[in-house]
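If you scroll down you'll find the structure; I have some questions about it.
The values are calculated or read from the model by the stated rules, or taken from the named source; none is laboratory data. What you see is a predicted model, and the numbers here were worked out from it, not measured in a lab. Glycine gets a Cβ as well: all are built from the backbone with ideal geometry, and neighbour counts include every protein chain shown. Surface areas here come from the heavy atoms of the whole protein model, side chains and all, with no ligands, DNA or RNA. Shrake-Rupley method; radii C 1.70, N 1.55, O 1.52, S 1.80 Å.
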Amino acid sequence: MSQIKGKRQTGQKPNQSIEDMCNYKFSIVIPVYKSAAILPRLIESLDIFFGEHRYRHEIILVNDGSPDESWDVLQQLKQGRDDLVIVDLLRNYGQHSAVFCGFQLASGDFVITMDDDLQNPPSEIEPLIQKAAEGYDVVFGKFEQKMHGLVRGLGSKFIGWLNVKLFNKPTDLTLTNFRIVRREVVDAVCSYRTNFPYIPGLLLLNGKTFGNVTVLHE
């Protein structure tokens, strides 16, 4: 993997209050695949969250070559909305590439990534923001009760072992797709030139401080 060196973080940032966090902009990056039926409910749930909390934000939805009607639905949802950014990839490149694309488009001070299937309820964004306010570069949601099957669970354990061996992941850190990342780390990740980005590995390489916060998984 070729690399253009990003700025390495030197330590945990000072704590910030939730009032301070309201001064920042948040970019929500969501890869989309075969989600035509659930996208309206996803956007409605995000609108409810941001309506309650008043954070400045943008929602970036990257259609990862969905074979269903996802792109048509995204175009309908986009109408009349400046806070929605939609992208249609030429084909299915995979979740990591879709997130990498979203990182490159994001303008927020913090970038939050989440899946498109509402297993990460948008209401759980608030615990991520509160934990990030403690000064962490990257915070991962840690699920109270993970609603995945046995095979996927075993695969996750194997990937976790690789992350420890290859990227020096702290053994007590749980990685998930539901996470919040500071702007400096996003910029460092985007400096890499690769056709096959592995987002968790790039975050581990470029962040300095990492945290977990317990969130609901549906």
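What's the total number of residues in region 186-216 that are in a helix (DSSP H, G or I) and in contact with a strand residue (DSSP E or B) (Cβ under 6 Å, 6 or more places away or on another chain)?
Applying the first criterion (in a helix (DSSP H, G or I)) to region 186-216 yields 186-190, 199-206.
Right, trim to in contact with a strand residue (DSSP E or B) (Cβ under 6 Å, 6 or more places away or on another chain) and you get 186, 203.
The qualifying residues number 2.
List the helices (runs of 4 or more DSSP H) inside region 26-131, counting only whole elements, that have at least 3 residues being of a type outside the set (Phe, Trp, Tyr) and free of Cβ contacts under 8 Å to residues at least 24 places away in the same chain.
Details: elements: 39-53, 70-78, 95-105.
Filter on region 26-131 gives 39-53, 70-78.
When the residues of region 174-191 are narrowed to those that are over 20 Å from Asp116 (Cα atoms) and touching a helix residue (DSSP H, G or I) at 6+ places or on another chain (Cβ under 6 Å), which ends up most open to solvent (accessible area, probe 1.4 Å)?
Among those that are over 20 Å from Asp116 (Cα atoms) and touching a helix residue (DSSP H, G or I) at 6+ places or on another chain (Cβ under 6 Å), it is Cys190.
On to the next question. Scan region 76-134 residue by residue and report those that are more than 12 Å from the chain's Cα centre (by Cα), polar (S, T, N, Q) and over 21 Å from Ala188 (Cβ atoms).
Correct list: Gln76, Gln79, Asn92, Gln119, Ser123, Gln130.
Just need a number here: residues in region 50-71 that are over 16 Å from Val111 (Cα atoms) and open to solvent by less than 70 Å² (accessible area, probe 1.4 Å).
Here the count works out to 9.
Each row is one residue, and each column tells you yes or no for (1) over 23 Å from Gly141 (Cβ atoms); (2) buried (at least 18 other Cβ atoms within 10 Å of the Cβ); (3) out of contact with any Asp or Glu (no Cβ under 8 Å at 6 or more places or on another chain).
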residue	(1), (2), (3)
Asn92	yes, no, no
Ser97	no, yes, no
Val111	no, yes, yes
Asp117	no, no, yes
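With Lys34, Lys78, Lys25 as the choices, which residue is of a type in the set (Lys, Arg), modelled with pLDDT of 95 or more and in contact with a Leu (Cβ under 6 Å, 6 or more places away or on another chain)? Working first, answer last.
Values: Lys34 fails: in contact with a Leu (Cβ under 6 Å, 6 or more places away or on another chain); Lys25 fails: in contact with a Leu (Cβ under 6 Å, 6 or more places away or on another chain).
The match here is Lys78.
Next question. Can you tell which of Thr171, Thr209, Thr214 is exposed (fewer than 15 other Cβ atoms within 10 Å of the Cβ), modelled with pLDDT of 95 or more and more than 16 Å from Cys101 (Cα to Cα)?
Working: Thr171 fails: modelled with pLDDT of 95 or more; Thr209 fails: exposed (fewer than 15 other Cβ atoms within 10 Å of the Cβ).
None of the other options fit; the residue is Thr214.
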